[in-house]
């Protein structure tokens with residue numbers, strides 16, 4: 001019952017379940033210790049070595065529905081990259097939430113985190129990036145912490161810091177009101193998640209100010225975690241507005257962006273999209289995929305250079 005309640009609190013709506021054309025399931029991608037399913041979208045005649053975006057759905061969603069509604073599948077056609085779409089199963093979680101709150105699934109080499117890493121390897125593509133919504137956003141934090149060497153960048157949408165919870169009960173506090181740890185404490189959780197000591201991928205954080213499911217305080221805690229892990233401080237180096245929304249950049253000592261935030265004023269819990277045919281538009285509005293005149297997928301793709 002607690003699993004069901006958590007799922008309903010975190011994201012309680014269905015997105016389109018029909019698979020978009022060309023989204024196919026892949027089996028035999030590894031030992032799959034997390035018992036996940038693997039779907040992918042590869043545009044026709046895609047050259048070898050093109051990037052791959054890992055897009056992680058929220059609770060009750062499916063891989064194809066999220067990949068399509070968020071805009072990632074259309075952007076893959078536009079800019080010529082592939083999309084990896086892991087999918088949770090009801091045998092793991094009644095409402096198909098990725099298990100961001102269970103240590104057995106958030107530890108390097110174990111559970112769901114290891115299954116997703118095996119999928120990335122199976123894609124055998126070029127540079128990889130990871131993003132996700134809600135429970136998928138929390139799992140994005142997990143992947144950036146546990147397999148940092150596998151990714152060039154991350155995008156956390158309405159998500160939570162890595163290591164915030166170790167049980168379903170603990171997850172409630174993480175979601176709302178959120179846990180208030182120091183940057184050092186949050187950063188230590190990232191450093192403890194992997195033996196990797198090289199450069200870490202930059203992180204972009206999206207959150208609505210009217211999100212009462214995953215409290216906006218989690219955006220602040222994510223900034224604390226990832227600025228510390230990436231070796232910078234919690235004071236933004238630049239602030240401006242993008243599409244009318246506050247945007248902040250925290251730069252690494254080298255001067256490159258380490259962490260960025262997009263604060264969606266008055267937006268609730270969901271994935272920001274901007275349906276239309278304009279150059280910066282993408283996505284399809286549905287429940288918890290919200291038309292707020294800015295498409296997070298496009299800005300992430302642009303920031304990662306996928307439109308070059």
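The values are calculated or read from the model by the stated rules, or taken from the named source; none is laboratory data. Bear in mind the structure is a predicted one, so any value in this text is a computation, not a measurement. Positions of Cβ are generated from backbone atoms using ideal geometry, with glycine treated the same way; all protein chains shown enter the neighbour counts.
Quick look at the numbers
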read-out	value
Filter pass, residue 167 being touching a strand residue (DSSP E or B) at 6+ places or on another chain (Cβ under 7 Å) and surrounded by fewer than 24 Cβ atoms within 10 Å (Cβ to Cβ)	no
Segment 247-258 residues that are assigned to a strand (DSSP E or B), paired with ones that are at pLDDT 95 or above and loosely packed, with under 11 Cβ neighbours inside 10 Å (beta carbon under 6 Å, 6 or more apart)	247/240; 248/239
Identity of the residue in segment 270-293, surrounded by 23 or more Cβ atoms within 10 Å (Cβ to Cβ) and part of a loop (DSSP other than H, G, I, E, B), that ends up modelled with the lowest pLDDT	288
In segment 275-289, residue nearest to residue 211 (Cα to Cα) [restricted to those that are in contact (Cβ under 8 Å) with a residue 24 or more places away in the chain and out of contact with any strand residue (DSSP E or B) (no Cβ under 8 Å at 6 or more places or on another chain)]	287
Residue 161 surrounded by fewer than 22 Cβ atoms within 10 Å (Cβ to Cβ), touching a helix residue (DSSP H, G or I) at 6+ places or on another chain (Cβ under 8 Å) and either over 28 Å from residue 67 (Cβ atoms) or in contact (Cβ under 8 Å) with a residue 40 or more places away in the chain (or both)	no
Those residues of segment 190-210 which are under 19 Å from the mean Cα position of the chain (by Cα), surrounded by fewer than 21 Cβ atoms within 10 Å (Cβ to Cβ) and more than 22 Å from residue 152 (Cβ to Cβ), in sequence order	209
Residue identified as in contact (Cβ under 8 Å) with a residue 24 or more places away in the chain and more than 15 Å from residue 194 (Cβ to Cβ) among 150, 141, 115	115
Failed condition for residue 245, given (1) closer than 24 Å to residue 189 by Cβ; (2) surrounded by fewer than 22 Cβ atoms within 10 Å (Cβ to Cβ)	(1)
